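The values are calculated or read from the model by the stated rules, or taken from the named source; none is laboratory data. Everything numeric here is computed off the predicted structure, so don't read it as measured data. Reconstructed Cβ throughout: ideal geometry from the backbone, glycine too, with neighbour counts over all protein chains shown.
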Amino acid sequence: MNRIRILPEAVANQIAAGEVIERPASVVKELLENALDAGARSIRIEVEAGGKRLIRVIDDGCGMAHDDALLAFERHATSKLRTAEDLLSIATLGFRGEALPTIAAVSRLVLETRTAEEEQGTRIEFGAGKLFNVKPAGVPAGTSVNVSDLFYSVPARRKFLKSETTELGHIASLVTHYALAHPDRQFVLKTPSQEILNVSAAVISAGANGSGESVAGSGDGEAKPQQGIAGLAERVYQLFGRAALDELFEIRPTSAPVRAAITEPQMEESERSAVLTVSGFASRPQVQRPNRNGIYVFVNRRLVRDRVLLHAIGEAYRNVVPPASFPAVLLFVDMPNEEVDVNVHPSKIEVRFRHSQFVHDFTRDAIRQALSHARPIANFPAAFASQAHPMAAAAGMGVGFGANGGFSDGALEPVAGLPRAVIPPMAAPFDAAAAPISEGGFELTGAPLRPEAQRLPFGTAAVGAFGTLGVLPGPFGEQIAEQFQRAASGQDSVREMERPATAESLTDLKPLGQVNASFIVAVNGEGLWIIDQHVAHERILFEQHLRARREGQLTGQRMLMPHIVELSPRQEVIFAQIAEELAANGFEVSQMGPRSVAIQATPAGISAADGEKLLVEILDGVERENLAISMDWLQSRIAASTSCHAAIKINMPLDQTKMEWLLAELAKTEAPMSCPHGRPVVLRYSVREIERAFHRI
């Protein structure tokens with residue numbers, strides 16, 4: 001008797017459904033992607049009972065003819081691929097041909113569709129994978145898919161679904177993500193009792209090519225249009241409100257040949273001219289989250305989780321935010337389709353890059369350049385109201401991706417009727433070949449409330465007074481402000497715009513004195529400023545040290561008597577790895593015994609007493625981070641530790657000349673907003689905030 005047999009088609013379909021359809025949000029994802037691939041300009045999603053009872057997705061896309069509509073329910077039937085070579089350059093969100101047959105296998109499904117050329121459409125009914133009815137129907141051009149009684153034919157799967165509120169939260173978060181990725185489309189999400197989301201197509205201002213579209217490389221070497229940064233800014237405003245947008249600075253579209261560093265004689269000219277483009281928005285350094293809840297990453301407008309890009313974001317903010325904190329980022333990476341493989345996961349949320357190191361480094365540098373250009377300064381209220389700050393509050397609504405590609409549940413907190421999924425943060429180290437993907441994945445948050453309610457800040461559930469509004473820096477700032485004035489309604493009232501503080505304002509500061517011999521108080525035409533003298537000097541020394549080290553080897557100052565230090569076994573291993581770099585930074589350390597070293601010279605400005613502390617701090621820092629040691633990271637780590645020990649201390653009186661020198665040097669730094677360890681350097685209390693505090697406005 002044979003023990004191996006071919007599974008029945010119905011069983012095979014249910015197994016496939018288990019890979020693709022995990023919960024109602026998975027159904028919405030597949031149908032949304034089909035609608036977007038069909039060219040829909042408006043997509044309407046209606047759900048009942050959190051999607052368990054009904055999911056209806058209506059679009060105005062190209063629709064399907066009668067024969068195509070029937071064929072679409074065959075497994076691996078698709079209009080998006082022809083040959084195996086097409087898998088190397090996937091330009092659509094969907095491509096596997098599994099969505100409709102797998103959904104139909106575990107639900108009651110009704111599809112109504114019509115192309116613009118046909119006079120009548122087609123209605124098809126399925127139940128548990130069986131075709132029940134096919135007939136003509138008078139329907140508008142486009143496609144409507146009704147999915148009811150999800151998992152009714154698989155009761156065991158239905159028992160694992162969460163509450164209706166939880167499932168609705170997952171759907172709302174998912175639609176939010178797609179709305180961010182496609183600001184030129186209209187999205188509507190409704191339940192029988194409320195309209196959760198309704199965003200119209202964003203107004204696109206003139207962009208890089210004069211038509212409101214930036215240009216990215218296509219697979220054939222030609223330019224292809226992508227949505228301009230102004231359209232994304234308006235969509236952020238629609239979803240999260242002005243307060244959230246005020247906390248972001250623009251990452252202007254930055255492009256480079258994706259294979260610039262590769263010299264292959266056989267490479268065609270079209271391949272050489274293909275470009276990688278990075279754009280989006282990122283948060284000011286004072287906006288710090290305890291996890292990656294506020295990070296949205298899109299590759300060719302596809303929402304993904306990717307360790308390469310997440311690590312690049314972390315590296316861009318290194319020495320700007322504390323190591324355990326994360327920024328809020330909307331990152332869009334556009335590249336030729338053949339440079340990224342999206343066919344690595346059934347749910348299509350993971351990608352692999354052909355040249356991952358280049359993508360990592362270019363993305364990191366693009367964000368660093370934008371951060372250096374913006375040089376944002378924190379407003380004074382952030383110092384004492386961080387828990388209520390719209391971008392810093394830790395309680396966000398959202399949903400995370402699980403290890404198997406579906407949406408992952410954590411400890412849920414009901415917020416404004418929708419849940420929050422708490423997902424463990426991903427590990428920070430980057431190794432394109434070996435770095436593991438966290439089992440918990442990362443959380444993507446920010447499901448909005450219905451339009452008539454107070455808009456949610458980006459990735460947070462804090463609702464209330466959002467503070468000063470601002471105009472984004474960059475070429476679209478004034479246009480966006482005008483759009484906000486026109487669009488404002490309801491409780492989201494129009495306030496007078498105030499430009500966010502930037503580092504350029506530091507150039508004309510006049511110091512008045514010190515508070516507790518630790519904080520410098522200064523003024524200019526913008527308001528009152530408070531500067532932490534220790535971290536300000538630390539930032540100055542840090543950049544001077546890094547600049548000098550990258551120009552050559554630093555000299556140290558010799559000690560009168562060598563200082564003997566006993567190292568632990570782990571410290572000894574780290575010391576052997578970085579001894580050469582320590583010497584290049586001014587240390588002179590020699591081996592004295594099995595675990596003993598003698599410090600004979602320390603970097604300039606470091607006292608003999610601090611020499612041992614500094615050495616041990618550097619060695620422990622490398623051990624604690626548990627990273628593969630890169631030269632750039634190591635140089636920054638040594639420079640940060642050295643500048644901290646050499647900087648002016650707190651409780652140290654400074655005369656007027658010294659304070660003026662400190663402020664002048666701080667204004668020259670690339671990142672005067674925070675010290676190398678991520679603490680704020682400067683806080684501004686604007687004239688408008690002062691007037692508001694005294695009830696003058």
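Brief remarks follow.
- Failed criterion for His373 (all others in (1) buried (at least 24 other Cβ atoms within 10 Å of the Cβ); (2) in a helix (DSSP H, G or I); (3) modelled with pLDDT under 85 hold): (1)
- Annotation note: of Leu71, Leu81, Leu93, the sole residue that is surrounded by fewer than 20 Cβ atoms within 10 Å (Cβ to Cβ) and at pLDDT below 85 is Leu81.
- On inspection, Asn300 qualifies as in the same structural domain as Ala243 (by TED's automatic domain parsing), touching a residue at least 40 places away in the same chain (Cβ under 8 Å) and on the phi > 0 side of the Ramachandran plot.
- Members of the range 96-124 that are among the hydrophobic types (A, V, I, L, M, F, W, C) and either modelled with pLDDT under 85 or over 13 Å from Thr143 (Cβ atoms) (or both): Ala99, Ile103, Ala104, Ala105, Val106
- Among the candidates Ala640, Ala608, Ala647, Ala628, the residue that is modelled with pLDDT of 90 or more, in the same structural domain as Leu546 (by TED's automatic domain parsing) and of a type in the set (A, V, I, L, M, F, W, C) is uniquely Ala647.
- Filter pass, Ile599 being crowded, with 20+ Cβ neighbours inside 10 Å, in the same structural domain as Ser643 (by TED's automatic domain parsing), touching a helix residue (DSSP H, G or I) at 6+ places or on another chain (Cβ under 6 Å) and of a type in the set (A, V, I, L, M, F, W, C): yes
- Checking the stated criteria, Glu195 turns out not to satisfy the condition of being at negative phi, at pLDDT below 65 and surrounded by fewer than 17 Cβ atoms within 10 Å (Cβ to Cβ).
- Among the residues of the range 121-145, those that are touching a helix residue (DSSP H, G or I) at 6+ places or on another chain (Cβ under 9 Å) and assigned to a loop (DSSP other than H, G, I, E, B) comprise Ala128, Gly129.
- Qualifying residue in the range 517-531 (condition: at pLDDT 90 or above and more than 36 Å from the chain's Cα centre (by Cα)): yes
- Glu48 meets each of the listed conditions (1) modelled with pLDDT under 90; (2) more than 17 Å from Ala105 (Cα to Cα) apart from (1).
- Close pairs (6 angstrom Cβ cut-off, 6 or more residues apart or separate chains): outside any helix (DSSP H, G or I) in the range 170-190, modelled with pLDDT of 90 or more and acidic (Asp, Glu) anywhere: Lys190/Glu46
- Candidates in the range 150-169 are the residues that are among the β-branched types (Val, Ile, Thr) and at pLDDT 85 or above; of these, the one that is surrounded by the most Cβ atoms within 10 Å (Cβ to Cβ) is Thr166.
- Helices (runs of 4 or more DSSP H) fully within the range 595-690 that include at least 1 residues being aromatic (Phe, Trp, Tyr) and more than 28 Å from Tyr317 (Cβ to Cβ): 656-667.
- Against the list (1) surrounded by 13 or more Cβ atoms within 10 Å (Cβ to Cβ); (2) modelled with pLDDT under 85, the condition Ile697 fails is (1).
- For the range 98-120, filtering for residues that are in a loop (DSSP other than H, G, I, E, B), of a type outside the set (Val, Ile, Thr) and buried (at least 18 other Cβ atoms within 10 Å of the Cβ) leaves 2.
- Those residues of the range 583-594 which are within 13 Å of Gln557 (Cα to Cα) and assigned to a loop (DSSP other than H, G, I, E, B), in sequence order: Asn585, Gly586, Phe587
- Ile638 being surrounded by 20 or more Cβ atoms within 10 Å (Cβ to Cβ) and under 22 Å from Cys675 (Cα atoms): yes
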